[in-house]
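K.L.:
Got a structure for you, questions after.
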Amino acid sequence: MQACELFIDGKKTLYYYIFTLAPIVPQFVMTHCSHSLKKAAHKVCTVLLQPKNRTFSTNLLDETLTRNFQECPTLSPNLLARMLTLNLQKKPICHQNPLNKNLTLNLQSNPFLHWPRAVHASADSIPEETPSTSAHSGPRISRCARNEAEDALLDYLHCTRCLSFPDAEHISKNSPTFIHYLLSKVENKQEIGRSVSRFLRYHPINEFEPLFESLGLKPCEFASLLPRGLMFLSDDQLLLDNLRVLCKYGVLHSEIGNMYKEEREIFRHEDGVLLSKLKAYEELGFSQPTVVKIVASCPSLLVGNVNEEFSRLIVEIEGLGIEKDWIGGFLSPKNKYNWKRMWRLLSFLERMGFKKRELAEVIEKHPNFFFEGSGENMYTLIALLMKLGFHINDIMSLIWNFRRDSSPNLAKNFWHGIHFLYEARLTVGDIVRLVHSHPRVLSSCTLKRPNSVQKQLNVGIKRLGLIILEDPNRLRDWGLRTKLHPVSGPSEDELSLLKKTQFLLKLGFVENSKEMVNALKQFKGKGDELQGRFDCLVGAGFEPNEVSHMTKLAPPILQQSQEKLRIKIDLLVNRFGYPLKCLLPYPWFLCYDVGRIKLRFSMNEWLKEKGVTSHTSAIGSIIACSEKRFIERFVSLHPEGLEVWEELNT
């Protein structure tokens with residue numbers, strides 16, 4: 001579509017503005033337009049400023065606009081027209097077009113048509129700095145300078161842009177980032193007010209930016225909310241009308257910004273629609289302040305008809321004998337609410353066995369059970385307690401006995417506390433006992449992660465569990481944002497080393513000897529674990545002094561778990577028929593893998609059945625040699641030995 005077809009009747013007026021207001025166009029484009037539009041504008045300016053085009057007609061302008069702006073689908077006729085008619089004066093520019101004839105203009109003879117130097121720069125190097133993208137940095141602004149800039153912006157919005165005085169005043173007084181941007185463009189620091197006014201006169205601004213900032217949104221939040229193709233608030237009358245309806249009804253400006261971010265459809269309602277929706281919730285029995293809190297915390301209620309799930313919840317609450325306005329005291333714009341889930345929680349608690357009178361008292365006593373996560377945290381807590389084996393009556397009693405002044409995040413803290421106990425490796429029985437005896441301690445605060453508590457206290461996980469069992473009230477000190485101090489006394493590693501040293505001394509090791517140092521390096525377990533493995537070998541049939549002798553010969557045998565020790569001894573004695581005492585000269589047998597033991601001794605048993613070997617081979621010669629040596633020494637003794645060996649290996 002040709003540029004002349006886009007503007008139709010307004011074409012001649014457009015040409016008039018281009019030639020008359022030329023000085024402001026490049027600066028506006030450089031400051032407020034998209035990168036693709038800047039490149040197109042740069043091309044237009046370059047063509048028009050060529051020496052051969054010092055005198056040109058509307059046909060050349062029309063052709064240049066069409067060729068260079070057709071790649072900019074975001075450029076609408078109205079937008080370009082507004083770009084060129086921006087407030088050079090506080091009076092509206094006369095729209096009479098003297099160009100009834102073919103327009104001819106000599107650029108060289110008109111000093112007002114001098115284009116800024118930025119136009120001649122490369123289009124790819126044009127900066128895209130706007131109030132919403134520029135950093136809030138630089139020297140500190142004095143109160144006097146800020147006040148003058150605010151007054152200049154107020155004057156611009158009210159007198160020039162014809163916004164109502166209350167709207168203009170609120171925007172100018174509550175958009176500090178935008179004021180900082182305006183002051184950064186001022187060169188004359190002695191006359192701030194006049195300089196800002198002059199800047200606004202010749203450099204049109206996107207008025208939606210200070211508006212959204214005054215509604216409580218940060219530049220990073222409203223950058224994606226800026227309407228495409230619009231710059232002036234007067235172009236979006238529906239937005240202004242609906243904003244005034246909410247303000248007049250009692251909604252705070254800071255809450256309106258959040259409402260716009262969540263549900264922009266609210267601000268597209270026609271005249272009278274938004275107010276009728278607000279009145280509809282009053283007809284449900286709510287007072288006006290309560291309606292304000294409800295719609296601010298859940299803007300989606302103002303989209304479509306009256307929310308059925310919300311209405312059903314209100315009927316349920318009213319059925320419990322609770323006043324409707326009660327709900328308004330616990331709603332917050334910072335939270336999201338799922339009305340259906342909250343209604344289902346009430347029904348679930350009734351099915352658990354709560355009578356309506358009891359349920360009403362529980363809700364009034366602990367409203368956070370109801371509002372925290374829209375009841376999801378309460379669902380999670382009940383499911384966790386049932387998994388621990390709590391009966392429904394026990395859970396009801398637990399909920400009922402919480403004090404009124406409990407933590408606002410009671411349910412969430414409670415199930416976080418139960419998970420903390422589980423990660424601290426307490427038994428299920430200990431956890432259940434602590435939940436019964438110290439529910440308020442578990443729900444008093446959000447606990448840190450157990451590994452974080454371990455590091456700060458300088459204790460192991462086992463000792464952490466012992467500390468909890470000794471004094472459950474210590475959990476109160478382990479909440480988030482609390483500083484913990486290391487526990488006095490020896491650390492977990494020091495205690496383990498002490499127990500291992502005492503254990504080795506009992507076995508007959510000499511203190512500080514090379515043998516003891518070597519044994520301590522090889523013993524990876526804790527002192528009490530080593531004693532348990534020692535007792536396991538004694539229980540298998542060895543004398544204590546024999547186990548001590550075996551341990552000195554092969555210290556790693558006490559690194560094996562008790563279960564593995566039993567399995568290896570059972571294989572050697574009961575399956576392959578070796579006497580228990582054969583381990584005394586070669587205790588290293590207990591350090592080899594179970595799979596290796598089965599393979600080697602199974603092959604040896606087959607050879608004995610074939611009569612190749614008639615005596616019982618020493619366990620060391622069977623298990624200790626390499627696989628190649630074992631094949632040469634045992635497997636190859638029979639012609640079918642290799643085949644059997646491969647079958648055993650599969």
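The values are calculated or read from the model by the stated rules, or taken from the named source; none is laboratory data. None of the values given here were measured: they were computed from a predicted structure. All Cβ positions, even for glycine, are placed from backbone atoms using ideal geometry, and neighbour counts span all protein chains on display. Areas reflect the complete protein model, heavy atoms only, side chains present, ligands, DNA and RNA absent. Shrake-Rupley method; radii C 1.70, N 1.55, O 1.52, S 1.80 Å.
K.L.:
Dipole of segment 316-391, Cα-centred, from +1 at each Lys and Arg C-beta and -1 at each Asp and Glu C-beta, to the nearest 20 debye?
P.N.:
Roughly 300 debye, rounded to the nearest 20.
K.L.:
Take every Cα pair under 8 Å in segment 312-400 that's 6+ residues apart, average their separations, divide by the length, and report that relative contact order as a whole percent.
P.N.:
30
K.L.:
To continue, here is another question. What's the FRET efficiency of ARG449 with LYS387 using the Cβ-Cβ distance as r and R₀ = 22 Å, to the nearest 0.05?
P.N.:
0.55
K.L.:
Can you work out the FRET efficiency for the pair GLU632 and THR427, with r the C-beta to C-beta distance and R0 = 56 Å, to the nearest 0.05?
P.N.:
Between GLU632 and THR427 the formula returns 0.55.
K.L.:
Treating the beta-carbon of each Lys and Arg as +1 and of each Asp and Glu as -1, no other charges, what is the dipole magnitude of segment 264-355 about its Cα centre, to the nearest 20 debye?
P.N.:
About 460 debye.
K.L.:
For the full complex of protein chains and a 1.4 angstrom probe, list LEU284, LEU278, LEU480 by accessible area with the highest value first.
P.N.:
On the way: LEU284 50, LEU278 0, LEU480 80 Å².
Most to least solvent-accessible, the answer reads LEU480, LEU284, LEU278.
K.L.:
Another question, if that's okay. If DNA, RNA and ligands are ignored and the probe is 1.4 Å, what is the ranking of LEU346, LEU497 by accessible area, most exposed first? Walk me through the numbers before you get to the answer.
P.N.:
Working: LEU346 0, LEU497 90 Å².
Order by accessible area, largest first: LEU497, LEU346.
K.L.:
Please compute the length gained on full extension between CYS159 and SER311, using 0.36 nm multiplied by the number of residues separating them and subtracting their Cα-Cα distance.
P.N.:
Full extension of this stretch gives 50.2 nm more.
K.L.:
A further question follows. I want to check the label-to-label distance for SER287 and ARG341. Put each point 7 Å from Cα in the C-beta direction and report it in nm to one decimal.
P.N.:
Inter-label distance under the simple model: 3.0 nm.
K.L.:
Evaluate the distance, in nm, between pseudo-label points positioned 7 Å from the Cα of LYS279 and of ASN458 along their respective Cα→Cβ axes.
P.N.:
Between LYS279 and ASN458, the label points sit 7.2 nm apart.
K.L.:
Using 7 Å Cα-to-Cβ label points, what is the TRP400/GLU647 separation (nm, one decimal)?
P.N.:
The answer from the label model is 7.2 nm.
K.L.:
Could you compute the net charge surrounding SER297? Neighbours are other residues with a C-beta less than 10 Å from the C-beta of SER297; K and R count +1, D and E count -1.
P.N.:
+2
K.L.:
What does the charge count around GLY193 come to, taking other residues whose C-beta lies under 10 Å from its C-beta (Lys +1, Arg +1, Asp -1, Glu -1)?
P.N.:
So the environment of GLY193 carries a net charge of -3.
K.L.:
Go ahead and run the numbers for FRET between ALA624 and LEU466, Cβ-Cβ distance against an R0 of 45 Å, rounding to 0.05.
P.N.:
Working: r = 43 Å, r/R0 = 0.95.
It comes to 0.60.
K.L.:
Further, regarding this structure: I want the local charge near THR446. Using Cβ-Cβ distances under 14 Å, sum +1 for each Lys or Arg and -1 for each Asp or Glu among the other residues.
P.N.:
Spelling it out: positives minus negatives among the neighbours equals +3.
K.L.:
Which length gain, in nm to one decimal place, applies between GLU221 and GLU361 when the Cα-Cα distance is subtracted from 0.36 nm times their residue separation? Before the final figure, lay out the partial values.
P.N.:
Values: separation 140, 0.36 × 140 = 50.40 nm, distance 4.11 nm.
So the chain would gain 46.3 nm between GLU221 and GLU361.
K.L.:
Also, quick follow-up: Hey, if we sort CYS220, CYS144, CYS625 by accessible area with the 1.4 Å probe, largest down, what's the order?
P.N.:
Largest accessible area first, the list is CYS220, CYS144, CYS625.
K.L.:
Taking only Cα atoms of segment 303-427, what ratio of Rg to Rh do you get with Rh as the Kirkwood inverse-distance radius? Please report the intermediate quantities before stating the final value.
P.N.:
Numbers: Rg = 15.3 Å, Rh = 15.5 Å.
Rg/Rh: 0.99.
K.L.:
Let me ask something else about it. State to the nearest 20 debye the size of the charge dipole of segment 354-494 about its Cα centre, where the only charges are +1 on K and R beta carbons and -1 on D and E beta carbons.
P.N.:
Computed about the Cα centre, the dipole is about 240 debye.
K.L.:
Roughly how many Å² of TRP326 are accessible to a 1.4 Å probe, to the nearest 10?
P.N.:
Surface open to solvent at TRP326 totals about 50 Å².
K.L.:
Moving on to the next point. What is segment 501-650's relative contact order, in percent, from Cα pairs under 8 angstrom and six or more apart in sequence?
P.N.:
Working: 110 pairs, mean separation 25.5, N = 150.
Reported relative contact order: 17 percent.
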